[in-house]
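The values are calculated or read from the model by the stated rules, or taken from the named source; none is laboratory data. Fair warning: this is a prediction, and the values are worked out from it, not measured in the lab. Glycine also receives a Cβ, built like all others from the backbone with ideal geometry; neighbour counts cover every protein chain displayed. To get the accessible areas, we keep the full protein, side chains included, count just its heavy atoms, and leave off ligands, DNA and RNA. Shrake-Rupley method; radii C 1.70, N 1.55, O 1.52, S 1.80 Å.
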Amino acid sequence: MFSSGQKLFALFFIIVFAAIMVWSYRKDIYLHKIYYKKVWVVALGIIIVIASFAIIAFALH
């Protein structure tokens, strides 16, 4: 299905992409602690809204 070159490129791409993402996150970790203190509240709110929509949808059917 995929050639060995395509598989090698995909593997290389995934490794390099993950390394760059980790490096970028580590570089900005101080700013994340300042600006994203209450991000868990927003995530919890989104989860609650999605769960309530799912419960309503299942209850109406």
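Taking 7 Å steps out from each Cα toward its Cβ at F9 and S24 produces label points 2.1 nm apart. Here the stretch 1-43 has 75 percent of its accessible surface on carbon and sulfur atoms, given a 1.4 Å probe and all protein chains in place.
Tell me, what is the per residue accessible area of the chain in Å², probe radius 1.4 Å? List each step's numbers first, then the result.
On the way: 6100 Å² over 61 residues.
Result: 100 Å² of accessible area for each residue.
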